[in-house]
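Data block below; observations after.
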Amino acid sequence: SSCQPVGSSGSAPNVVVTLGAPNGVTREGLAEAVRRLDAAVPPRTGRRRVGLLVGGDDQNYRIDAAWARELLAGLDADANGYDLLATTSRRTPAGVAAFLREYAAAHDAMRYLEIPGESAESHYHGILGGGDCLLVTEDSVNMVSEAASSGRPTVILQVGRKHGRDR
């Protein structure tokens, strides 16, 4: 179990230690979400789906368009046969969202881009369950925990740091 009562460390009996943020990700919920995603964005034969979950700036981390450009250039999804299914968070800087929109317009590999507040519907859980692997930025404990709970191979991406060691 990922949650366990605190042992005899002197903590209160009502304190629980967890290895991630509790969330509602379930196999059944993901399966239904993948069916909805597949209807909206049909999978293409011979291409691996890569889910990209991009968080945003906070007191410790920063994500900018240069970071996103470097990541997507390194993935080279078009040449490597990846279909990208991307989502941002409400904290994603406007410049990063703008870059991702431009990238999606110019690259067939960006099959789906969800920007909260702009996208008509959400396929976030479909991305979690339908990606052959998930790439998630380290700044978002919720996104990292939900990705890990999906059972899909998950890679945590380092982003810029506001204090201390940078990437």
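The values are calculated or read from the model by the stated rules, or taken from the named source; none is laboratory data. What you are looking at is a predicted structure, and each value in this text was computed from that prediction instead of being measured. No Cβ is skipped: glycine too gets one built from the backbone with ideal geometry, and neighbour counts run over all protein chains shown. We work out accessible area using only protein heavy atoms, side chains counted, and drop any ligands, DNA or RNA first. Shrake-Rupley method; radii C 1.70, N 1.55, O 1.52, S 1.80 Å.
Considering helices alone, the calculated mean residue ellipticity of the chain at 222 nm is -10000 deg cm²/dmol, with DSSP H runs of length four and up weighted by -39500 (n - 2.57) and normalised per residue. Annotation: for a label point projected 7 angstrom from Cα along Cα→Cβ of Arg47, residues of region 76-90 with backbone N closer than 19 Å are 76-88. If the chain linking Arg90 and Ala120 were pulled fully straight, counting 0.36 nm for each residue of separation and taking away their Cα-Cα distance, it would gain 9.3 nm. Inter-part distance, region 51-71 to region 90-167, computed on C-alpha centroids, equals 8 Å.
Just need the relative contact order of the chain here, percent rounded to a whole number, with Cα pairs under 8 Å and 6+ apart. Taking the mean separation of contacting Cα pairs over the length of the chain, I get 29 percent. Accessible surface ranking for His107, His123, 1.4 angstrom probe, highest first: His107, His123. Report the residue, chosen from Ala94, Ala12, Ala66, that carries the largest GNM mean-square fluctuation when the chain is represented by alpha-carbon nodes joined by springs under 10 Å. For the chain, modelled as a Gaussian network with Cα springs under 10 Å, the answer is Ala12. Counted by Cβ distance under 12 Å from Thr26, the other residues give a net charge of -2, where Lys and Arg count +1 and Asp and Glu count -1. In sequence order, region 111-119 has phi-based couplings of 7, 8, 10, 10, 10, x, x, 10, 6 Hz under the Karplus curve 6.51 cos²θ - 1.76 cosθ + 1.60, θ = phi - 60°, and Gly or Pro positions carry x. For the chain, the antiparallel share of DSSP beta bridges with both residues in that region comes to about 20%. Are there GluC sites (Glu not before Pro) in region 89-167 that DSSP marks as loop and that have at most 15 other Cβ atoms within 10 Å, and which are they? Answer by residue number: Glu118, Glu121.
Considering only Asn142, Leu71, Val96, the residue lying farthest towards the positive end of the dipole of region 57-167 is Asn142, judged by Cα position with unit charges set on Cβ. Across region 49-167, Cα-Cα pairs farther apart than 18 Å form 47% of the total.
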